[in-house]
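*Asks:* Can you keep this structure in mind? I'll have questions shortly.
The values are calculated or read from the model by the stated rules, or taken from the named source; none is laboratory data. Because the structure is a prediction, the values reported are computed rather than measured. Neighbour counts run over all protein chains shown; Cβ positions are idealised from the backbone, glycine included. Side chains are part of the model used for accessible areas, which takes the heavy atoms of the whole protein and leaves out ligands, DNA and RNA. Shrake-Rupley method; radii C 1.70, N 1.55, O 1.52, S 1.80 Å.
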Amino acid sequence: MKASIEWLSEYADINVEPKQLGDILTMTGSKVETIENLGGDIQNVVVGKILEIKPHLDSDHLVVTKVDVGNGEILQIVTGANNIHENNIVPIAKDGAKLPGGIEIKTGKLRGIESCGMMCSVGELGLDINSYPDQIEDGIMILKPELEKELGKDITEVLGLKETILDFEITPNRPDCLSIEGLGRETAVSLNVPFKNPRKNIDEMKVQDKENIEGLTVQITAPDLCYRYIARVVKNVKVAPSPEWMVKRLNSCGIRAINNIVDITNYVMLEMGQPMHAFDINSIEGKHITVRRAQKDEKIITLDNQERILNENMLVIADSKKPVAIAGVMGGQNSEIEKDTTTVVFESAVFYGGSVRKTAKAVGLRTEASSRYEKGLSAENAIRAVNRAVELVEQLGAGEAVEGKVDVYPSKQKENKIPLNVDRINLLLGTNLSKEEMITTLEKLDMKIEEDIVIPPYFRQDVEGLADIAEEVLRFEGYDKLETTLINSETTLGGKNKEQKITDEIANFLVNSGLSEICTFGFISQKDLEKCNIIGDNSYLTQAVKIQNPLSEDYAIMKTTSVPTMMQMLANNNNYKNKEVKLFDISRVYQNKNGAIEKGELPEEANILTIGMYGEKEDFYTLKGLVENVLQIAGIARLDIRKEVNNKMYHPGRCANFHVGNDIIASLGEANPLLTKNYAITQRVLLAEINLDKISKYGRKNQSYIPITKFPAVERDIAMVLNEEVEVGEIEKIIQKKAKKLLEEAKLFDVYRSEKLGENKKSVAYSLKFRLPDRTLKDEEVNNVMTEILAELEKVLGAELRKA
């Protein structure tokens, strides 16, 4: 936001140098990025009068002139300009003059005739030709005849080119400072001088509400996106260039002058921070304005002559047939102010900032208006802005105001009320300010204090709580006045939670076991999922969380499963001819279960440990041992291992799940050969997926120490013949159930298959160790338990004790 000191001086008496002012405003929160001195690069250029013009004897395009530069000094100047005449008043760069761009003028000869200076054009003075519509781009700047009385005076003073511009960096929470009025208020409080408020008459102005003006009506069909819409009408409009003072102020803020009506809307936006738009009333079909959502693929040609395609999430200003503006962004070409426009509608509205920001980004058009709307504007300021615009129209003689206004205000702006807790503020800031000092500062900022309740003004919607009040007090008290002190509050020692501690222990264990940790992106492509989706299972695709603006197709969806990234890393190592690879990855996966995103909810997240390995020495039991150790670290006391046949990423029959109850906490096994083929891996791959969130949930918080018992163990071996489909996990569950507390360990030591056992039969042998911590077991007790185990195995699984 640019602001000239001259304009700011309307609101506060500035009694310091520009650099000091910039430092003061920066310290109070309005950061000044740069200070620009306009006209400072123009030196020794004065007002001159052409007395005589004669042709150059040695050139057919040059002329020799005599120019009066005041104080009786007559200069001879040779020029090729063809738009000059005798008695013209022109800018003259004398010998030694300096112009923008580092140009220096010296006395010299042109075709043998001495030239003691140069006549200047608009461009040579560094001025914008659009600000001087009466001048020509390739000719000398011809000044007004009445400036003859200023002969010899500095051109920067005569044309008012000397100006100091402050360029502010405004934080997003202060849209009120995107205006001269807001910056003027900050300047007044920062300099501790009264705020002059030159627009006090606007604050007190009362304009009658009407249903329609000149037949114009307004309707809002999207009150969630448009908080207020005000329309006022001006008739007998005379479209013409703006006065110099307005052009100068617009230029100082970086805005080009167009015509008086358009310039008034820009001027009010800069002055009060409220974007406005002006329509030709005759361009509004049916004289009815509707603030509505755009239709799908609806089109509009904006003022920059570009066609924009809209969607249902965008807000438009429309008449009965077509959109005439993209709300908060830019007007349409079909409602542009033309030279023959006679009746104008001034729009002053407030739109939802988030909608304006998304719309501006979607259509690729960020404007001065949109940059203000997206930060959130006050609905109460809209009426002041439209009244100020109408006032300027009448002041400039550009038209006549039609009485009344159409004001649609579906939801009033809420007033914040914050208790003034002086002790809490001082404790927060480390200061010792009195209540009176705080109130004095707050009142300067137009905040009301009623019975120790602070009521911020309508334009300070960012002041919502006690911390905001404290910030306002401190920034004008002075950050630099805060004394350095030790922390006087109780300090706490940070630490990791249970899940983080378990994750660290597991990572350290895996590294010590020879695995390497990898870090992968949280994004994958649909092609990666299709590689894993090898037998028509669409669950991973349907639950995928798609990114609206992906960096590329390779990162179009959030990671639904961690297997694709692990397989890609194993594939890379296989391509590099690495024979033994053992990797692990700890990362999050995201699943859109039960249409959570469509319901406006967050997708389900899970922290997954993924292990991937291949090599001659690696097999299922190596991986199973790693997973069991991981679960032991987490303190999982009771779990079951069951065969898994539905997970198509794993080899059928070579995959298992670890369960706590019916909840799967880990899956492991050999990768499906079709999966390894999709990744062009030539070796057998082993995979494991462990849900760290679940093992942290089920793990014991405190593992107790169990001392080594001094009592001997009793060992028994048991071999049984069962059907081939019986899983050893089922056998172990029965053994543990019947042995109860007596069983210390059940170890599988043999699986035997032979025709002698019978068709589809196998022999399974276990070594059982029994022990009690407080006494020696008797043979009779162990024999009774063994009898119960055998009876239950025979009853449930059809097991027979193997005789030989």
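*Asks:* Could you pull out the residue among 316, 386 that is under 15 Å from residue 218 (Cα atoms), open to solvent by less than 10 Å² (accessible area, probe 1.4 Å) and not polar (S, T, N, Q)?
*Replies:* 316
*Asks:* Do you know which of the residues in region 582-602 that are part of a strand (DSSP E or B) and basic (Lys, Arg) is farthest from the chain's Cα centre (by Cα)?
*Replies:* Among those that are part of a strand (DSSP E or B) and basic (Lys, Arg), it is 582.
*Asks:* Which condition from (1) within 20 Å of residue 39 (Cβ to Cβ); (2) in contact with a Leu (Cβ under 8 Å, 6 or more places away or on another chain); (3) in a helix (DSSP H, G or I) is the one that residue 166 breaks?
*Replies:* (3)
*Asks:* So, in region 594-607, exactly how many residues are closer than 17 Å to residue 664 by Cα and open to solvent by 70 Å² or more (accessible area, probe 1.4 Å)?
*Replies:* Result for region 594-607: 2.
*Asks:* Kindly check whether there is at least one residue in region 567-581 that is surrounded by fewer than 19 Cβ atoms within 10 Å (Cβ to Cβ), under 28 Å from the mean Cα position of the chain (by Cα) and of a type outside the set (D, E, K, R).
*Replies:* There is no residue in region 567-581 that is surrounded by fewer than 19 Cβ atoms within 10 Å (Cβ to Cβ), under 28 Å from the mean Cα position of the chain (by Cα) and of a type outside the set (D, E, K, R).
*Asks:* Which condition breaks for residue 748 when tested against (1) closer than 20 Å to residue 803 by Cα; (2) touching a residue at least 40 places away in the same chain (Cβ under 8 Å); (3) touching a Phe, Trp or Tyr at 6+ places or on another chain (Cβ under 9 Å)?
*Replies:* (2)
*Asks:* Here's a follow-up. Hey, can you tell me all the residues within region 375-402 that are in a helix (DSSP H, G or I) and among the polar types (S, T, N, Q)?
*Replies:* Result: 381, 387, 395.
*Asks:* Does region 696-710 contain at least one residue that is of a type in the set (Gly, Ala, Ser), within 43 Å of the chain's Cα centre (by Cα) and open to solvent by less than 60 Å² (accessible area, probe 1.4 Å)?
*Replies:* yes
*Asks:* While we're looking at this one, here's another question. Which of (1) under 13 Å from residue 731 (Cα atoms); (2) open to solvent by 70 Å² or more (accessible area, probe 1.4 Å) does residue 803 not meet, given it meets every other one?
*Replies:* Tallying (1) under 13 Å from residue 731 (Cα atoms); (2) open to solvent by 70 Å² or more (accessible area, probe 1.4 Å), residue 803 fails exactly one: (1).
*Asks:* Tell me which residues, restricted to region 96-113, are of a type in the set (A, V, I, L, M, F, W, C), under 16 Å from residue 156 (Cα atoms) and within 45 Å of the chain's Cα centre (by Cα).
*Replies:* Of everything in region 96-113, just one residue is of a type in the set (A, V, I, L, M, F, W, C), under 16 Å from residue 156 (Cα atoms) and within 45 Å of the chain's Cα centre (by Cα), namely 99.
*Asks:* Follow-up. Consider region 3-42. How many of its residues are surrounded by fewer than 21 Cβ atoms within 10 Å (Cβ to Cβ), under 30 Å from residue 105 (Cβ atoms) and touching a Gly at 6+ places or on another chain (Cβ under 8 Å)?
*Replies:* So the count comes out to 2.
*Asks:* Filter region 496-533 down to residues that are in a loop (DSSP other than H, G, I, E, B) and open to solvent by 70 Å² or more (accessible area, probe 1.4 Å) and give me whichever is farthest from residue 591 (Cα to Cα).
*Replies:* Residues of region 496-533 in a loop (DSSP other than H, G, I, E, B): 496-497, 513-515, 519-522, 525, 533.
This time we only want the ones that are open to solvent by 70 Å² or more (accessible area, probe 1.4 Å), so: 496-497, 519, 521.
Working: 496: 26, 497: 25, 519: 20, 521: 16 Å.
Among those residues, the one meeting the criterion is 496.
*Asks:* For residues that are over 23 Å from residue 659 (Cβ atoms) and touching a strand residue (DSSP E or B) at 6+ places or on another chain (Cβ under 9 Å), scanning just region 614-626, find the one that is surrounded by the most Cβ atoms within 10 Å (Cβ to Cβ). Even if it seems obvious, please write down each step before you answer.
*Replies:* Going through region 614-626, the residues over 23 Å from residue 659 (Cβ atoms) turn out to be 614-618.
Add one more test, that the residue is touching a strand residue (DSSP E or B) at 6+ places or on another chain (Cβ under 9 Å), and what stays is 614-615, 618.
Values: 614: 24, 615: 16, 618: 18.
Residue satisfying both the conditions and the ranking: 614.
*Asks:* Is at least one residue of region 148-161 open to solvent by 70 Å² or more (accessible area, probe 1.4 Å) and assigned to a strand (DSSP E or B)?
*Replies:* No, the conditions are met nowhere in region 148-161.
*Asks:* Of the residues that make up region 130-140, is at least one at pLDDT 90 or above, assigned to a loop (DSSP other than H, G, I, E, B) and open to solvent by less than 20 Å² (accessible area, probe 1.4 Å)?
*Replies:* yes
*Asks:* How many residues does region 676-695 contain that are over 30 Å from residue 572 (Cα atoms) and open to solvent by 30 Å² or more (accessible area, probe 1.4 Å)?
*Replies:* Total meeting the criteria: 1.
*Asks:* Considering region 222-248 alone, what residues qualify as being of a type in the set (D, E, K, R), modelled with pLDDT of 90 or more and open to solvent by 20 Å² or more (accessible area, probe 1.4 Å)?
*Replies:* Passing the criteria: 224, 235, 238.
*Asks:* Restricting attention to region 151-169, report how many residues are among the aliphatic types (A, V, I, L, M), within 44 Å of the chain's Cα centre (by Cα) and at pLDDT 90 or above.
*Replies:* 2
*Asks:* Counting only residues that are β-branched (Val, Ile, Thr) and open to solvent by less than 30 Å² (accessible area, probe 1.4 Å), which one in region 728-752 is nearest to residue 642 (Cα to Cα)? Before you say what the answer is, go through the steps one by one.
*Replies:* Step one: of region 728-752, the residues β-branched (Val, Ile, Thr) are 728, 731, 734-735, 751.
Next cut, open to solvent by less than 30 Å² (accessible area, probe 1.4 Å) only: 731, 734-735.
Values: 731: 12, 734: 14, 735: 16 Å.
Looking at residues that are β-branched (Val, Ile, Thr) and open to solvent by less than 30 Å² (accessible area, probe 1.4 Å), I get 731.
*Asks:* Under 8 Å by Cβ, and 6 or more places apart or on different chains, what pairs join a residue from region 150-166 that is more than 18 Å from residue 132 (Cβ to Cβ) with one that is hydroxyl-bearing (Ser, Thr, Tyr) and buried (at least 18 other Cβ atoms within 10 Å of the Cβ)?
*Replies:* Once the first residue is more than 18 Å from residue 132 (Cβ to Cβ) and sits in region 150-166, its partners that are hydroxyl-bearing (Ser, Thr, Tyr) and buried (at least 18 other Cβ atoms within 10 Å of the Cβ) give 164/4; 165/4; 165/252; 166/4.
*Asks:* Among the strands (runs of 3 or more DSSP E) confined wholly to region 210-326, which include 1 or more residues that are among the hydroxyl-bearing types (Ser, Thr, Tyr)?
*Replies:* Result: 217-220, 226-235, 288-293.
*Asks:* Of all the residues that make up region 348-374, how many are under 21 Å from residue 295 (Cβ atoms), open to solvent by 10 Å² or more (accessible area, probe 1.4 Å) and either touching a residue at least 40 places away in the same chain (Cβ under 8 Å) or part of a loop (DSSP other than H, G, I, E, B) (or both)?
*Replies:* Looking only at that region, the number is 7.
*Asks:* Within region 108-129, track down each residue that is open to solvent by less than 70 Å² (accessible area, probe 1.4 Å) and part of a strand (DSSP E or B).
*Replies:* Those that are open to solvent by less than 70 Å² (accessible area, probe 1.4 Å) and part of a strand (DSSP E or B): 108, 113, 115, 117, 118, 119, 121.
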